[in-house]
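Undergrad: This is the structure I want to talk about, given as structure tokens.
The values are calculated or read from the model by the stated rules, or taken from the named source; none is laboratory data. Nothing here was measured: the structure is a model prediction, and the numbers come from that model. Note that each Cβ is placed from the backbone with ideal geometry, even for glycine, and that neighbours are counted across all protein chains shown. To get the accessible areas, we keep the full protein, side chains included, count just its heavy atoms, and leave off ligands, DNA and RNA. Shrake-Rupley method; radii C 1.70, N 1.55, O 1.52, S 1.80 Å.
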Amino acid sequence: MATNNTKATNSSGQGMYDLLLVNGHIIDPANNVDMKGCVAVKDGAIAAVGADLPRGGARKVVDVGGGYITPGLIDIHSHVYPLLPRPAANVLLTVDADTTMLRSGVTTTVDVGTAGWRDFLHFKEQVIDVSKIRILALINVASKGMIDMTTEQDPAQMHPEITAEVAKQYKDEVVGIKCAHYWVGKPFDDIHTPWASVDNGLRAAELCDMPFMIDFQPNYEPPGRTYEDLILKKLRPGDIHTHVYAKQFPVIGEDGKVLPHMWEARKRGVYFDVGHGGGSFWFRNGVPALEDGFYPDTLSTDMHVSSIRFAGLDQLQVMSKFMAMGMPLAETVMRSTSEAAKLIRRPELGNLSVGACADIAVIRVLKGDFGYVDCGMARLRGDSKLDCMMTIRGGQILFDPNGLSLPDWQDAPDFYWDIPFIPPGTKQPATPHRRK
């Protein structure tokens with residue numbers, strides 16, 4: 001168990017903490033911290049982590065008793081572009097990250113392939129640069145990405161060299177390459193060859209030295225493209241297969257055990273992401289896999305408008321679902337923080353190290369009788385559910401539904417009691433019920 005402590009303040013206020021969270025239980029897998037304690041923030045960064053920090057050195061103290069203090073959660077599979085006028089076919093595709101994710105403790109999300117290289121600059125200027133949540137991206141190797149999904153079907157619209165150059169140009173925002181949805185359920189021909197999308201995506205990822213994520217559909221008709229060949233022959237160490245527990249993948253054998261190719265691919269260094277979504281998570285694959293010890297590397301939502309209305313909902317729902325399947329809370333946090341940061345090669349994220357950006361989630365475990373739904377319309381029962389108490393992004397409290405950081409109304413400061421539109425020089429009327 002590791003702790004990092006700094007001293008709080010001096011009498012002049014120099015070095016004071018801006019914010020101090022107390023009475024929480026800290027889970028910070030990156031630093032092997034799992035203990036009761038406090039987290040202090042100053043100037044948007046983590047200033048101290050310890051079992052007990054002096055409250056006198058903080059401008060604001062927030063008691064989060066009963067809550068778990070974790071790094072801000074990272075959802076590495078979402079769709080948050082475009083938010084402006086778009087083709088009618090995609091009206092139900094994307095979500096507003098600030099509205100939907102801050103309420104579930106997510107401070108960083110990765111949009112995976114909604115935009116191709118043609119639209120990335122617009123995505124950056126209109127969404128990434130103006131969002132409170134940190135938005136990173138995987139660029140779709142198809143020119144128009146999911147904005148015009150016909151380009152995902154046309155190898156002539158896949159330009160790995162251009163895609164890689166855009167990724168390198170915007171390396172602060174781009175963390176990888178994505179391909180998806182290619183030629184599903186159709187016979188291959190001279191133009192639409194089995195591996196065209198995968199090969200172009202891999203080429204782009206090689207050129208920009210970034211991870212490659214694949215949303216894949218097996219096809220076993222000759223000449224075929226099999227899942228086994230994807231994860232054992234195509235993907236490189238550090239590449240990511242998302243939707244690992246979707247119904248179309250051979251994950252579990254007739255004996256109820258995880259099939260050998262899954263273990264072999266993991267040994268090769270291939271990563272497996274959940275990418276829940278509206279159609280890509282099934283208990284019949286996920287539950288036996290966990291029982292056999294095959295955990296996903298990362299938990300993610302594949303959040304889009306239809307998925308947040310049903311089984312996927314949000315990051316905490318996915319984490320809660322995996323707890324109901326038998327995954328310990330600390331494991332769900334690890335796969336939503338430090339492991340997610342590892343997959344996207346952003347080790348500065350997903351931790352509470354002193355000096356790190358103060359992205360923090362405070363969550364609590366509710367006890368009761370809960371039901372969780374998969375994409376096949378089947379239910380799993382559980383006795384716990386995660387709930388977000390507070391989300392802090394860059395040291396700023398952006399979600400506080402219970403008002404933990406606020407005074408009781410009777411103790412509110414002067415501006416609370418002012419009556420608006422009083423002419424200058426006019427005496428402020430007395431306000432009933434105000435404490436003297």
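Undergrad: Taking only the stretch 208-225 into account, find how many residues are within 24 Å of V166 (Cα to Cα) and open to solvent by 50 Å² or more (accessible area, probe 1.4 Å).
TA: 1
Undergrad: Okay, moving on. In the stretch 107-128, what count of residues is obtained for those that are in contact with a helix residue (DSSP H, G or I) (Cβ under 6 Å, 6 or more places away or on another chain) and open to solvent by 10 Å² or more (accessible area, probe 1.4 Å)?
TA: Here the count works out to 1.
Undergrad: Just one of (1) within 30 Å of L398 (Cβ to Cβ); (2) surrounded by 24 or more Cβ atoms within 10 Å (Cβ to Cβ) trips up S131, so point out which.
TA: (2)
Undergrad: Contact list please: Cβ distance under 7 Å, first residue in the stretch 32-55 and farther than 11 Å from I69 by Cα, second residue open to solvent by 70 Å² or more (accessible area, probe 1.4 Å) and of a type outside the set (S, T, N, Q), pairs at least six apart or on different chains.
TA: As it stands, the answer is N32/M1; A51/K36, since those pairs meet every condition given.
Undergrad: I'd like the full set of residues that are crowded, with 19+ Cβ neighbours inside 10 Å and over 23 Å from E254 (Cβ atoms), limited to the stretch 267-278.
TA: V270, Y271, D273, V274, G275, H276, G277
Undergrad: Give the residues of the stretch 226-240 that are surrounded by fewer than 23 Cβ atoms within 10 Å (Cβ to Cβ) and either in contact with a Lys or Arg (Cβ under 8 Å, 6 or more places away or on another chain) or not aliphatic (A, V, I, L, M) (or both), sorted by residue number.
TA: Within the stretch 226-240, T226, Y227, E228, D229, L232, K233, K234, R236, P237, G238 qualify.
Undergrad: Output yes when any residue across the stretch 378-385 is closer than 20 Å to I74 by Cβ and either touching a strand residue (DSSP E or B) at 6+ places or on another chain (Cβ under 7 Å) or touching a residue at least 12 places away in the same chain (Cβ under 8 Å) (or both), and no when none is.
TA: Taking every residue of the stretch 378-385 in turn, none turns out to be closer than 20 Å to I74 by Cβ and either touching a strand residue (DSSP E or B) at 6+ places or on another chain (Cβ under 7 Å) or touching a residue at least 12 places away in the same chain (Cβ under 8 Å) (or both).
Undergrad: Take the stretch 32-43 and flag every residue that is under 22 Å from the mean Cα position of the chain (by Cα) and open to solvent by 20 Å² or more (accessible area, probe 1.4 Å).
TA: Within the stretch 32-43, N32, D34 meet the criteria.
Undergrad: Taking F399 as meeting all but one of (1) surrounded by fewer than 15 Cβ atoms within 10 Å (Cβ to Cβ); (2) under 19 Å from R103 (Cβ atoms); (3) touching a helix residue (DSSP H, G or I) at 6+ places or on another chain (Cβ under 9 Å), write down the number of the exception.
TA: Exception for F399: condition (1).
Undergrad: If only one of G368, G425 is open to solvent by less than 60 Å² (accessible area, probe 1.4 Å) and more than 20 Å from the chain's Cα centre (by Cα), which one is it?
TA: G368
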